[in-house]
Number of protein chains: 2
Amino acid sequence: MNESLGLRERKKLRTRQALIDAAVHLFEDKGYEDVTVAEIAEAAEVSTRTFFLHFQAKEDVLFADADVRIDLALRVIAERGPAEGYPDVLLRATERMIANSWDGDLASGLAALRVRLAASSPVLQARVLQRYLAAQDEVAGALHEAYPDQLDPIGAAALVGGVIGAVSAATLAALARGDSPEGVRRAMRQAVDLVMCCRRQHMSGPRDESSCT
Amino acid sequence: MNESLGLRERKKLRTRQALIDAAVHLFEDKGYEDVTVAEIAEAAEVSTRTFFLHFQAKEDVLFADADVRIDLALRVIAERGPAEGYPDVLLRATERMIANSWDGDLASGLAALRVRLAASSPVLQARVLQRYLAAQDEVAGALHEAYPDQLDPIGAAALVGGVIGAVSAATLAALARGDSPEGVRRAMRQAVDLVMCCRRQHMSGPRDESSCT
DNA sequence: CCAGTTCGCTACATTCGATGCATCAATACA
DNA sequence: TGTATTGATGCATCGAATGTAGCGAACTGG
């Protein structure tokens, strides 16, 4: 995976991962609020200061890989086909993010832990929303840049916000219901279909067209 | 207004109002982040501790009178017409909430300030959105109850999440752009149109049908 | 009018998240 | 090897938020 990295960067990644692991274990045991950053750092055998050198804030340790997903979406937009309309691009970007979260967060149970913790900690919940907003903003901005004459900034924001909002709400509902990872994935796809079905001109992959209500 | 209150409670209300006024003035001058609770308390001539006796957190001084009117949306759903489909009901509920949130703004300048500050402070953004998220859950549940055979829980969550997400994102985008209140309101309606246009069967009020892309 | 109680407020101490700064030591590089 | 880069550290500090003890003004019943 990371064979060509220098020793220094490998060490850095190792402490970062140690912090993540320590935090996850502690959060699972004691919940979010009852774990201090000092505890996490101590468990990872680094200083408290080092924690904030790797993560902007306490809750960011739970979103270690979330930034990767934004990059994925941005790349899909950047590498779009010349004749591709924005509904298809947005659809592909969304599906790419879903696929990524499938073999990342969802499989490892990190997403479920996040939801569980957020449900019991309003502070964390607010920060999660903040993060989602920032992500939406970036994607919407990129989409507007890509289709400046078809999407004004407001329309792009509404479009992206609608998709992300629908997928998030469906995912949360499925997770709250205790669905299996497959069930969660199905909920995600259902949400995408619901929002996008009326807007796409042609499909980029095999999908049941009749599921559009 | 409060003639039959005891002297003690009147005093309490007075200090509370002094804290709100001081906070509003300071926020207007210096923005949200650059004002400390100690400053607010000092300007209101009370101790810092007293501030937290009246408000759970710094942001709550801005939400002093703001109760999210979830009831409005729920009532629209409850009092739906027998032949009304869920797209129309949801549309009406959303419009009702938009109209109300804006009326509240005009009534007390506090809400207007809140919106303005939220544009520049991610913390406040998240707090506002948190309130919307709580409403989202209830509305989705009510919508599912109202149309049990047309909307499963996941579908209802996705639908409502999509609408709220689109409206929120468009609103924030308009605010970030520095739009006038009228422009913000237009962005809200644009977002509703974008998400709902393909789903409504008949309109409940005067609206440009051709705006549906 | 007076004791006893309630309660809003204060001062002080403390915890915790987060940041700035100077510094050390290991790595990378010429 | 010598130098520069950089991850990690300790320390100081700020601001939000909470616990505690206690004062004094406002209510209560007699």
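Rule-based calculations on the coordinates, nothing more; no lab input. These numbers were taken from a predicted model, which means no experiment stands behind them. Neighbour counts run over all protein chains shown; Cβ positions are idealised from the backbone, glycine included.
Across segment B:50-61, which residue is farthest from the chain's Cα centre (by Cα) among those that are more than 8 Å from DNA strand C (Cβ to nearest atom) and either within 14 Å of chain A (Cβ to nearest Cβ) or surrounded by fewer than 17 Cβ atoms within 10 Å (Cβ to Cβ) (or both)?
That would be B:Phe52.
Name every residue in segment A:140-171 that is part of a helix (DSSP H, G or I), of a type outside the set (Gly, Ala, Ser) and in contact with a Leu (Cβ under 7 Å, 6 or more places away or on another chain), in order of residue number.
Residues satisfying the conditions are A:Leu143, A:His144, A:Leu159, A:Val160, A:Val163.
Condition (residue is within 11 Å of another protein chain (Cβ to nearest Cβ), of a type in the set (S, T, N, Q) and farther than 27 Å from A:Arg14 by Cβ) applied to segment A:127-135: is it met by at least one residue?
There is at least one residue in segment A:127-135 that is within 11 Å of another protein chain (Cβ to nearest Cβ), of a type in the set (S, T, N, Q) and farther than 27 Å from A:Arg14 by Cβ.
Quick one: would you say A:Ala134 is small (Gly, Ala, Ser), closer than 27 Å to B:Val128 by Cα and free of Cβ contacts under 8 Å to residues at least 60 places away in the same chain?
For A:Ala134, the condition - small (Gly, Ala, Ser), closer than 27 Å to B:Val128 by Cα and free of Cβ contacts under 8 Å to residues at least 60 places away in the same chain - is met.
Tell me, yes or no, whether segment A:104-118 has at least one residue that is outside any loop (DSSP other than H, G, I, E, B) and within 14 Å of another protein chain (Cβ to nearest Cβ). Don't jump to the end; show me each part of the working.
Here is the first cut: in segment A:104-118, the residues outside any loop (DSSP other than H, G, I, E, B) are A:104-108, A:110-118.
After this cut, where a residue has to be within 14 Å of another protein chain (Cβ to nearest Cβ) as well, the list is A:115, A:118.
Yes; the residues of segment A:104-118 include at least one that is outside any loop (DSSP other than H, G, I, E, B) and within 14 Å of another protein chain (Cβ to nearest Cβ).
Does segment B:16-39 hold any residues that are surrounded by 14 or more Cβ atoms within 10 Å (Cβ to Cβ), more than 16 Å from B:Leu113 (Cα to Cα) and within 26 Å of the chain's Cα centre (by Cα), and which are they?
B:Arg16, B:Ala18, B:Val37
For segment A:16-38, give me each residue that is closer than 15 Å to A:Phe51 by Cα and in contact (Cβ under 8 Å) with a residue 24 or more places away in the chain.
A:Arg16, A:Ala18, A:Leu19, A:Ile20, A:Ala23, A:Val24 - these are the residues of segment A:16-38 that are closer than 15 Å to A:Phe51 by Cα and in contact (Cβ under 8 Å) with a residue 24 or more places away in the chain.
Could you grab me the full set of residues in segment A:1-20 that are charged (D, E, K, R) and assigned to a loop (DSSP other than H, G, I, E, B)?
A:Glu3
A:Asp103 passes all but one of (1) in contact with a Leu (Cβ under 8 Å, 6 or more places away or on another chain); (2) without any contact (Cβ under 8 Å) to a residue 12 or more places away in the chain; which number fails?
Failing condition for A:Asp103: (1).
When the residues of segment A:21-49 are narrowed to those that are of a type in the set (D, E, K, R) and assigned to a helix (DSSP H, G or I), which ends up farthest from DNA strand C (Cβ to nearest atom)?
A:Asp21
Exactly one of (1) more than 14 Å from every other protein chain (Cβ to nearest Cβ); (2) within 13 Å of DNA strand D (Cβ to nearest atom) is unmet by B:Ile70. Its number?
All conditions are met except number (2).
Could you list all residues from segment B:149-182 that are touching a Phe, Trp or Tyr at 6+ places or on another chain (Cβ under 7 Å) and facing another protein chain (nearest Cβ under 7 Å)? Before you say what the answer is, go through the steps one by one.
Going residue by residue through segment B:149-182, those that are touching a Phe, Trp or Tyr at 6+ places or on another chain (Cβ under 7 Å) are B:150-151, B:164, B:168.
Listed by number, the residues that qualify are B:Ile164, B:Ser168.
Of the conditions (1) more than 12 Å from the chain's Cα centre (by Cα); (2) closer than 29 Å to B:Ser121 by Cβ; (3) within 11 Å of another protein chain (Cβ to nearest Cβ), A:Glu145 satisfies every one except a single condition; which number is it?
(3)
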